[in-house]
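Below you'll find the structure, written out as structure tokens, and then a few comments.
The values are calculated or read from the model by the stated rules, or taken from the named source; none is laboratory data. All values derive from a computational prediction rather than experimental measurement. Because the Cβ atoms are built from the backbone with ideal geometry, glycine has one as well, and the counts that use them run over all protein chains shown.
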Amino acid sequence: MVDTSDEWIIQRTGISERRITDRNTPTYSLAVEAARQAIKDSGIEPGQIDLVLVATSTPDFLTPSTSCIVQKETGAENAAAFDIMAACSGFIYGLTIAKQFVETGYYKHVLLVSSEGMSKAVDWTDRKTCVLFGDGAGAVVVGKVEEGFGILSTYLGADGANGHHITIPCLYMPEEELEKRKNYENKIAVYQDGHDVFKFAVKIMPYATEKVMEKADITLDDVKYIIPHQANSRIIESAAKRLGVALEKVYTIIRKYGNMSSASIPVAMDDAYRKKRINRGDNLVLVGFGGGLTWGSALLRWSK
Ligand code: UT7
């Protein structure tokens, strides 16, 4: 479709494969599947869920929200539900929201899902973006764990002044957004100033990692894995260098999945969990960055 090569994509991004849903598969179906697996793994019943949160930049509907669809499909009939829009940082924003509800005792169990159908939000004639994104979903159930385990700290940030570097229009299309997409077939597709976002990402990933460790009073020596948003392996390598950490300590799945926006972090975490790479007591730093611009990090001590 576009003038590109496998060599360019691998060298510049580290992406070799992606998962792409067919056009008739709604993004919410990925969310529902991930949610069902997470509920099963948590050992609680759907009726015990108090809140469903879905982080997504690619909802099928503005209303009903994806979280309401997940609530219905999973049988979480006692839960409230709302969506979170924080682009690629959505999972970290969601974890932070879930943490507040559980810590204050307002809710006992929060189901948090990140689900993205990025393939429907790209213009397949734009080589700058169409080679990057993939579809996927990941989910967790957040609840009370033993003292000293779980989400030890989180850190969030935003820079709305630079939001124009990544845009996906919805119900309003200003002239400048149309102009950026003048050669697109899909006029509401994602637009990205790759270079500017790259510069932002290589700074913010190490910064947010350090910030959350500082808040939890933990050093890199005590961290088992950094699990970052999977946007580009060059961003990950540069951030690892800035942090002075070996690449083996940074968990990546980008080669097989591409950039799944907010779903990248939970899918990577699930990959590590299923491969038994994380054990009880391990400290993990999750770090996300992207559209908004937004960023966020979380320090978890694994208990399950
Ligand atoms: O998830 C949200 C956060 N997003 C990110 O963190 C993404 C950050 N940005 C990036 O990862 C990188 O900027 C990209 C992967 C998007 C692009 O890589 P780059 O090294 O910054 O490439 P570039 O945009 O500077 O383009 C370099 C050249 C250009 O050609 P000229 O102008 O030098 O002749 C592009 O036209 O590569 C060309 N190019 C391509 N060539 C072959 C751009 N896309 C492609 C392509 N295949 N797919």
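Overview of values
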| read-out | value |
| --- | --- |
| Of all residues making up the range 235-292, the number that are part of a helix (DSSP H, G or I), closer than 16 Å to Leu220 by Cα and aliphatic (A, V, I, L, M) | 5 |
| Filtered residues of the range 85-101 (kept if more than 16 Å from the ligand (Cβ to nearest atom) and either small (Gly, Ala, Ser) or under 19 Å from Gly138 (Cβ atoms) (or both)) | Gly94, Leu95, Thr96, Ile97, Ala98, Lys99 |
| One residue from Ala55, Ala87 being touching a Phe, Trp or Tyr at 6+ places or on another chain (Cβ under 7 Å) and crowded, with 24+ Cβ neighbours inside 10 Å | Ala55 |
| Test: Ile9 is in contact (Cβ under 8 Å) with a residue 60 or more places away in the chain, part of a helix (DSSP H, G or I) and out of contact with any helix residue (DSSP H, G or I) (no Cβ under 8 Å at 6 or more places or on another chain) | yes |
| Any hit, the range 224-237, residues being surrounded by fewer than 16 Cβ atoms within 10 Å (Cβ to Cβ) and either within 16 Å of the ligand (Cβ to nearest atom) or closer than 18 Å to Ser89 by Cβ (or both) | yes |
| Glu103 vs. criteria surrounded by fewer than 24 Cβ atoms within 10 Å (Cβ to Cβ), among the charged types (D, E, K, R) and modelled with pLDDT of 95 or more | yes |
| Identity of the residue in the range 163-202, assigned to a helix (DSSP H, G or I) and either more than 16 Å from the ligand (Cβ to nearest atom) or under 17 Å from Gly117 (Cβ atoms) (or both), that ends up nearest to the chain's Cα centre (by Cα) | Glu177 |
| Test: Asp22 is at pLDDT below 95, part of a loop (DSSP other than H, G, I, E, B) and among the charged types (D, E, K, R) | yes |
| Test: residue in the range 79-95 that is part of a helix (DSSP H, G or I) and of a type in the set (Val, Ile, Thr) | yes |
| Residues located in the range 122-143, provided they are away from the ligand (no atom under 11 Å from the Cβ) and hydroxyl-bearing (Ser, Thr, Tyr) | Thr125 |
| Pair list, Cβ under 7 Å, 6 or more apart: the range 124-136 residue touching a residue at least 12 places away in the same chain (Cβ under 8 Å), other residue near the ligand (Cβ under 8 Å from one of its atoms) and part of a loop (DSSP other than H, G, I, E, B) | Thr125/Val2; Arg127/Val2; Arg127/Asp3; Arg127/Thr4; Cys130/Val2; Val131/Thr4 |
